[in-house]
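Beneath this line is the structure, given in structure tokens, with notes to follow.
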Amino acid sequence: MPTTTIRLDDELKTRVAAAAKRAGKTSHAFILEAIAGTVEQAELKNQFRREADERWAKILDRGKTVRWDEMRTYLTARAAGRPSVRRPRARKLAR
């Protein structure tokens, strides 16, 4: 496995060591976990943005959408166990 060097100022190095000790880990394991977590967050954020962009493109392409207040009312009723509530209809997108 290749080695990567990072430079930490003394204060951060002390904080990392203390946090790692509290977590019952070595500083190395703590830093690796922090990097992996940050990378995962960035990947999820990018995936979320891509999906949002794709959904917005579909809305613009179809030209229809459901008003949020109608959808919220519908979802609240369904969550309360009322399956007979009518689904809101998509309407022409107001531009």
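What to note about this one:
- Taking a ≥ b ≥ c as the square roots of the eigenvalues of the alpha carbon gyration tensor, the chain is prolate, as a/c is not under 1.5 and a/b beats b/c.
- In a reduced charge model with +1 at each Lys and Arg Cβ and -1 at each Asp and Glu Cβ, the chain shows a dipole moment near 1000 debye about its Cα centre.
- Taking the longest Cα principal axis of the chain as reference, the axis of helix 68-79 is set at about 80 degrees.
- Alpha-carbon Rg with Dmax, taken over segment 9-62, Å: 18.6, 57
- In degrees, nearest ten, helix 10-23 long axis to first principal axis of the chain (Cα): 70 degrees
- Helix 27-62 and the long axis of the chain differ in direction by around 20°, with both axes built from C-alpha atoms.
- Annotated for the chain: lysine pairs at least 8 residues apart or interchain, Cα distance under 26 Å, count 5.
- MRE, 222 nm, helices only [DSSP H, n ≥ 4, -39500 (n - 2.57), over the chain, to nearest 500]: -22500 deg cm²/dmol
Any read-out appearing in this document is the output of simple, stated calculations on the displayed coordinates, not a laboratory observation. Given the structure is predicted, the values throughout are model-derived calculations rather than measurements. Heads up, the Cβs are rebuilt from the backbone with ideal geometry, glycines too, and the neighbour counts pull from every protein chain shown.
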